[in-house]
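J.: Below you'll find the structure I mean.
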Amino acid sequence: MAYLTFDDGPTKVATPIILDILKEENVLATFFVIGSHVEEFPDIVKRAYEEGHFIANHSYSHQNTKLYQSKTSFLNEIQKTDEAIAKALGLPSYSSHLFRFPNGSHTSDYAVAKKNAKLYLKEIGYYYVDWNALNNDSMQKYSSSELLQNLKNSCKGKHTLVILMHDTIDVSKSYTALQESIQFLKQEGYSFATFSSFFSDNSSF
C-alpha cells in the first residue's frame with residue numbers, strides 16, 4: 001500500500017498541476033495543508049476535497065517559534081487550520097483528526113516541545129503521522145529523473161509506504177516526477193489509499 005502525501009500547500013502553481021496528474025492516474029492522496037495558505041487559496045483546497053483527496057492539518061504558520069511557544073499556541077495553530085479548512089470546504093464541523101509536524105515529529109529541534117505536543121494532540125483526539133519514503137524534493141534542486149530515483153531508493157524493501165512530497169515550487173518541482181513516480185509504484189504492485197481509511201467515524205469529513 002502506498003500513501004501519497006503532499007505537505008506545505010496549497011500553492012497556486014503546484015497544487016492544481018498535482019491534482020490534474022492524480023486525476024489522470026486515478027489515484028487519491030493526502031494533503032497536509034498550512035492554514036494560512038488555505039485562507040489564500042480556498043478554492044484549490046475545495047477542489048482537492050471534492051475530487052476525493054484527504055485534507056489534513058500541517059499547522060497554521062509552519063513556524064516552529066509560534067507552534068511551540070506554549071500549549072495554547074500549539075492548539076491554536078491546530079484550531080485555526082481546522083477552521084480555515086472548514087470554511088474552504090463549507091463544512092463547519094470538519095476536522096481531519098490528523099496532524100503532521102513541520103519537519104517531522106522525530107527531529108532533534110524542539111524535541112521536548114514535540115514530546116509535549118504529542119500529548120496535546122491526544123487530548124483533542126488527534127493523531128500524527130510522519131513518513132518512511134520520500135523523493136527529497138525539499139532538500140535541494142533535483143531534476144525529475146533524480147526525484148524519481150530518490151523515491152525508488154527510499155522505497156526499497158518496504159511493504160507499506162508513506163511517501164513525503166511537497167506541492168510547492170520553492171526548491172524542487174515535485175510534480176515534474178509525479179506521473180512517472182505513480183506509474184513506477186503501480187508497476188511495483190502498490191495500491192493507493194488516503195489516511196481517511198484510518199478513521200471509522202467519517203461524520204467529521
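The values are calculated or read from the model by the stated rules, or taken from the named source; none is laboratory data. This is a predicted model, so every value here is computed, not measured. Please note: Cβ atoms are built from the backbone with ideal geometry, for glycine as well, and neighbour counts cover all protein chains shown.
J.: In the range 18-49, which residues are part of a helix (DSSP H, G or I) and among the aliphatic types (A, V, I, L, M)?
T.: 18, 19, 21, 22, 38, 44, 45, 48
J.: Looking at (1) part of a helix (DSSP H, G or I); (2) within 27 Å of residue 2 (Cα to Cα), find the lone condition where residue 142 falls short.
T.: Against the list (1) part of a helix (DSSP H, G or I); (2) within 27 Å of residue 2 (Cα to Cα), residue 142 comes up short only on (1).
J.: Right, next: For residue 89, indicate whether it is among the aliphatic types (A, V, I, L, M) and farther than 25 Å from residue 192 by Cα.
T.: no
J.: Taking the conditions exactly as written (closer than 24 Å to residue 37 by Cβ and at pLDDT 95 or above), does residue 173 satisfy them or not?
T.: When the stated conditions are applied, residue 173 passes them.
J.: Something else now. Please verify whether the range 112-127 includes one or more residues that are closer than 23 Å to residue 48 by Cα and either among the hydrophobic types (A, V, I, L, M, F, W, C) or crowded, with 17+ Cβ neighbours inside 10 Å (or both). Steps first, please.
T.: Applying the first criterion (closer than 23 Å to residue 48 by Cα) to the range 112-127 yields 126-127.
Those still in the list that are either among the hydrophobic types (A, V, I, L, M, F, W, C) or crowded, with 17+ Cβ neighbours inside 10 Å (or both) too: 126.
Checking the range 112-127: at least one residue is closer than 23 Å to residue 48 by Cα and either among the hydrophobic types (A, V, I, L, M, F, W, C) or crowded, with 17+ Cβ neighbours inside 10 Å (or both).
J.: Kindly indicate whether residue 20 is closer than 29 Å to residue 181 by Cα, over 14 Å from the mean Cα position of the chain (by Cα) and among the acidic types (Asp, Glu).
T.: Against the criterion (closer than 29 Å to residue 181 by Cα, over 14 Å from the mean Cα position of the chain (by Cα) and among the acidic types (Asp, Glu)), residue 20 qualifies.
J.: Here are 93, 143: which of them is at pLDDT 95 or above, among the small types (Gly, Ala, Ser) and surrounded by fewer than 20 Cβ atoms within 10 Å (Cβ to Cβ)?
T.: From the options 93, 143, the qualifying one is 143.
J.: Identify the residue in the range 1-17 that is in contact with a strand residue (DSSP E or B) (Cβ under 7 Å, 6 or more places away or on another chain) and not in a loop (DSSP other than H, G, I, E, B) and, among all such residues, is farthest from residue 105 (Cα to Cα).
T.: Across the range 1-17, the extreme among qualifying residues is 2.
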